[in-house]
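K.L.:
If you scroll down you'll find the structure; I have some questions about it.
The values are calculated or read from the model by the stated rules, or taken from the named source; none is laboratory data. Keep in mind it's a predicted model, so treat the numbers as computed, not measured. For the accessible areas, the whole protein counts, side chains as well, though only heavy atoms, and no ligand, DNA or RNA atoms are used. Shrake-Rupley method; radii C 1.70, N 1.55, O 1.52, S 1.80 Å.
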Amino acid sequence: MSTGIVHIGVGNFFRAHLAVYVEELIAGDASSPWGICGIGMLAADRAVFEGLRAQGWSYNLLFKHQDGQLERRVVHALRDMLLAPDDPWAADDRLSEPAPQIVSIPITEGGYNRDAATGGHNGRPT
């Protein structure tokens, strides 16, 4: 399966947003060139990696609608995932391949960390 998107950071925000939008775009088409390869950058990403790998990279997402109705969707947009701490060269190789047309990264509240003492950015993920 082709992966036209490489996403760095396969956290909750990615799985509940970007991956869902891509899932809607490809509509379950396994031959779509817009599948996603995720790259975990932190050792803490191992638990997500192991869980997703055990499920063939697919996962369930539960939507709660305004009327309170719950809807379960299976998301198949993620086609592969790499752990950069284990093999940084594999991540570099994936980013260098011709197939990916988009490289995306999350910009969420976890990326905005202030050092209470200096008021500056502390550079540490939460």
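K.L.:
Calculate the length of the line joining the C-alpha centroid of segment 18-85 to that of segment 91-108, in whole Å.
P.N.:
Computed from Cα coordinates, the inter-centre distance equals 16 Å.
K.L.:
Whole-Hz ³J(HN,Hα) for each residue in segment 15-22, computed from phi via Karplus 6.51 cos²θ - 1.76 cosθ + 1.60 with θ = phi - 60°, x for glycine and proline: what do you get?
P.N.:
5, 8, 10, 4, 4, 5, 5, 5
K.L.:
Then there is this: Tell me, what HN-Hα J-couplings in whole Hz come from the Karplus equation 6.51 cos²θ - 1.76 cosθ + 1.60 at θ = phi - 60° for each residue of segment 90-107, using x for Gly and Pro?
P.N.:
So the Karplus estimates, Gly and Pro as x, are 5, 5, 4, 4, 4, 5, 8, 5, x, 5, x, 9, 9, 10, 10, 9, x, 10 Hz.
K.L.:
Which percent of the accessible area of the chain is formed by carbon and sulfur heavy atoms (probe 1.4 angstrom)?
P.N.:
That fraction is 56 percent.
K.L.:
For the chain, set up a Gaussian network in which alpha carbons nearer than 10 Å are linked by springs, and say which option among D67, D92, D115 fluctuates the most.
P.N.:
For the chain, modelled as a Gaussian network with Cα springs under 10 Å, the answer is D67.
K.L.:
With each run of n ≥ 4 DSSP H residues scored as -39500 (n - 2.57), what mean residue ellipticity at 222 nm is computed for the chain after dividing by its residue count and rounding to the nearest 500 deg cm²/dmol?
P.N.:
My calculation for the chain gives -7000 deg cm²/dmol from helical runs alone.
K.L.:
Say we join alpha carbon atoms closer than 10 Å with springs in a Gaussian network model of the chain; which of R94, R72, R15 then has the biggest fluctuation?
P.N.:
The residue that fluctuates most here is R72.
K.L.:
Normalized C-alpha radius of gyration of the chain, against 2.2 N^0.38 Å?
P.N.:
1.16
K.L.:
Here is a further query. Under 5 Å between amide hydrogens, which residues at least 5 positions from L82 or on another chain qualify, with H placed 1.01 Å from N in the peptide plane?
P.N.:
Here the answer is G38, I39, G40, since their amide H atoms fall under 5 Å of that of L82.
K.L.:
Also, I was wondering about something else. In terms of solvent-accessible area of protein heavy atoms at a 1.4 angstrom probe, what is the ranking of I107, I36, I8, highest value first? Mind showing how you got there, number by number?
P.N.:
On the way: I107 115, I36 0, I8 40 Å².
Descending accessible area places them as I107, I8, I36.
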